[in-house]
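Just so it is clear, none of the values below were taken in a lab; they were calculated from the coordinates. Model, not experiment: these values are computed from the prediction. In this analysis, Cβ positions are derived from the backbone assuming ideal geometry, glycine residues included, and neighbour counts consider all displayed protein chains.
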Amino acid sequence: MKMWLSMVGSHFLFISEVKIMALHNLFSSESVSEGHPDKVSDQIADAILDDCLEHDPKSRVACEVFVTTGFVLIGGEITSKHHPDYKKIAREVIRDIGYTKKEYGFSADDVEIEVKVHEQSPDIAMGVDNGGAGDQGIMFGYASDESEGYMPLPIVIAHKLVRVATNLRKEGQFKWARPDMKSQVTVDYKNRKQPRIAVILMSIQHDPDYDEKAFKSYIENEIMKPVAKSFGLNTDFQVLINPTGQFIIGGPAGDTGVTGRKIIVDTYGGAGHHGGGAFSGKDPTKVDRSATYMARYIAKNLVAAGVAKRCEIQLGYAIGYKKPVSLFVETFGTSKYTQEQLVELVQKVFPLSPKDIIKTLSLQHPTFKYHELTNYGHFGRPDLNLPWEKLDKVDEIKALLK
């Protein structure tokens, strides 16, 4: 180890072998607020989807959004009986986020909006109309028993940090804060039964005329520490706030935003695999979205039923095919059952065709709004009654495994 370090470069010589080993116990996840430019794009795309499904549940939507300083581009393929007012929807989303001042470089009443939308390809429609998948692809679902919602701990904490900060901003309690925020949480798993927070990093956009000391003190004492305590975790973690010194220029004025660029934030913070397909702006015939929700539903119910402490499901689909071309169950050595037993169990309990997934999870007639999912993750959401978060298959799983 020491010889290897000396060969790599002199900058490694300052890192002791003990610290290198300690790093092996650390895992980090990040989250971003609704004011992050990529999330602005996601929210506009899903708000358009919501509007289409509300008026025509069979709408076919593949909406993409690009945002930058003073400009929004809405594109994609949409086939629906309803014709959305794209510009109105976009401005409402931007206003709700809090981009209402011209000085932000991106505000609801001042942005230029261009719409480039056409209908879905009839080649795709041929496969979907018969109940098949709208595209090829692989999708993953994951669950772990390390948190109440069967989610990895780092991403759950990261989401709550930006959520609390955003709520305080909107309530007027978080002085000087602007909409664009990021969090990153590092958890020490040296003792997996008693994990600890090692580092919390937050980068929060602020007004130029702010009190830096008071601003950072508020973040540490009114956001970071209360969130850590809410999980019953330690508060003696390392604190990092706006490491470059200041964060004035943010949102779409500071960085271009594009739909589907925060897929790890949307899922498990890197703790599980990801097939690569984004969710936002896609109707449920797109298996990128619907099959990923089903995979989470399967994994969560298996863990809740005591089948495993950790579980990951992979589903593979081919365009136009009604059944998955592959199904893989991984339990990371935490289950007494064989993969063959678990695959057979999943096939018995859970519907896996795109048409049946949509029906089972009520994805064309949702009780929620898709744009509500774009912030703070699509999974482990106690604030929303999401069908793929229900544990209604636990008893059936247990009965089959007796």
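One table, with the values for the structure above:
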quantity	calculated
FRET efficiency for T100 and S28, using Cβ-Cβ distance with R0 set to 41 Å, rounded to 0.05	0.80
Rounded Å value of the spacing that divides the Cα centres of the range 134-185 and the range 266-308	16 Å
Net lengthening on full extension, I319/E54 (0.36 nm per residue, minus Cα-Cα)	92.8 nm
Fewest-first sequence of D266, D56 by Cβ atoms within 10 Å of each Cβ	D56, D266
Debye log10 I(q)/I(0) at q = 0.07, 0.09, 0.11, 0.15 Å⁻¹ for the chain, Cα point scatterers	-0.36, -0.59, -0.87, -1.36
Spatial separation of Cα centroids for the range 357-402 and the range 338-356, in angstrom	17 Å
Average Cα contact separation per residue, the range 115-241, under 8 Å, 6 or more apart, as relative contact order %	19 percent
Difference of contour (0.36 nm per residue) and Cα-Cα distance, S217 to K336	38.0 nm
Dipole-positive endmost among I48, G75, N25 within the range 23-84 (Cβ charges, Cα centre)	G75
Relative counts (whole %) of C-alpha pair distances in the range 147-189, using bins that are 10 Å wide	27, 43, 25, 5
Over the range 322-402: Rg over Rh, Cα atoms, Kirkwood Rh	1.00
Gain on full stretching of the segment that runs from Q347 to D110 - 0.36 nm per residue minus C-alpha separation	80.1 nm
Taking the chain and dividing mean pair separation by its residue count, relative contact order in percent (alpha carbons under 8 Å, at least six apart)	24 percent
DSSP beta bridge pairing in the chain, given as percent antiparallel to the nearest 5	75 percent
